[in-house]
Amino acid sequence: MTYLKTVVSTFLLSVLFAGPAYADPFTQPQGQGRVIVSGIFTQSPKGFDANGNTAPIQEYDQNQFYIMGEYGVTDNLTVLVTPSVGNVNLKGGNDSSGLGYTDVGGRYRLAKSDHWILSVQGLLRIPGTARDYPVAQVNDRNMQYDLRASGGYMAGPAFITLDTGYRLRSGDPPNEFHIDATAGAHVAPRLMLLASAYTTVSDGRGRGVFNQSYRYTDVYASVVYDLTPRISLQAGYTGTVTGRNSLRQRGPLVGFWYKF
């Protein structure tokens, strides 16, 4: 159970580039925690149009890094802090680097058994260096408020998790619905295989350059290897598999975390 909690909770910080807010159902034991560093490096030479078809666009290149801290105040309550930094380069256009969103909030465990767990989570998302790009997956200049409900089921070496949420966004972008799912299996004493899908759907249209609705689903495939009981490494790949009025992103990902 402890190993599964570690792997599920650390997987990708929901590393979506519009913001890394994520949820999973697991909380840290009282007085314990971890720090996790993740990076994703993507290119978007194509995008999805209003009909969901792919077409060449002005390319977006992104390098994003996230540092997540979790600490168990009680067995049921975990506090969360996740600052981020990155670079966004628009080919033939703007190049923006600096502090991204910083997420601050907590996760509360509602119920659990030997095989399942239910939790809720809330995050305040504070913008850093303003990136005023007309794409929901890149723009990060406005305050956001992210609310999630999560559940997980464990059976032997395998597990699945599912969370649903709603993100309130200030300014011109519309609010968003989120549905995220992760499945994994411990296939060797130190090795875990993971697959996740993260879907974002706009709640109607926004204002200004965000006057069209959008949606996108990003899929992640990853392996996690335990170097020691406290240190693990992660490597994988991500891609946007479907969308509308959105980028089609592709690129590798890496992760490192330390439990304390």
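Rounded to the nearest 20 debye, the dipole size of the chain about its Cα centre is 80 debye, using +1 on the Cβ of Lys and Arg and -1 on the Cβ of Asp and Glu. Accessible area per residue for the range 59-117, computed on protein heavy atoms with a 1.4 Å probe, is 46 Å².
Note on exposure: TRP116, TRP257 ranked by accessible area (1.4 Å probe, complete protein assembly) read TRP116, TRP257, with the most exposed listed first. Under the convention that each Lys and Arg Cβ holds +1 and each Asp and Glu Cβ holds -1, the size of the dipole of the range 72-215 around its Cα centre is about 100 debye. Largest accessible area first, the listed residues ASP95, ASP114, ASP103, ASP172 line up as ASP114, ASP95, ASP172, ASP103 when surface is computed with a 1.4 Å probe on the assembled protein chains. When the solvent-accessible area of the chain is split by element, carbon and sulfur atoms take up 61 percent of it, the probe being 1.4 Å. Under a Gaussian network description of the chain, with springs only between Cα atoms under 10 Å, the residue in ILE67, ILE231, ILE160 that fluctuates furthest is ILE231. Just round it to a whole percent: the fraction of Cα-Cα distances in the chain exceeding 27 Å. Considering the chain, 32 percent of its Cα-Cα pairs are separated by more than 27 Å. Counting only protein heavy atoms and using a 1.4 Å probe, the accessible area of LEU77 comes to about 60 Å².
The values are calculated or read from the model by the stated rules, or taken from the named source; none is laboratory data. Predicted model, so just to flag it, every value in this text is computed and none were measured. Heads up, the Cβs are rebuilt from the backbone with ideal geometry, glycines too, and the neighbour counts pull from every protein chain shown. Heavy atoms of the whole protein, side chains included, go into the accessibility calculation; ligands, DNA and RNA do not. Shrake-Rupley method; radii C 1.70, N 1.55, O 1.52, S 1.80 Å.
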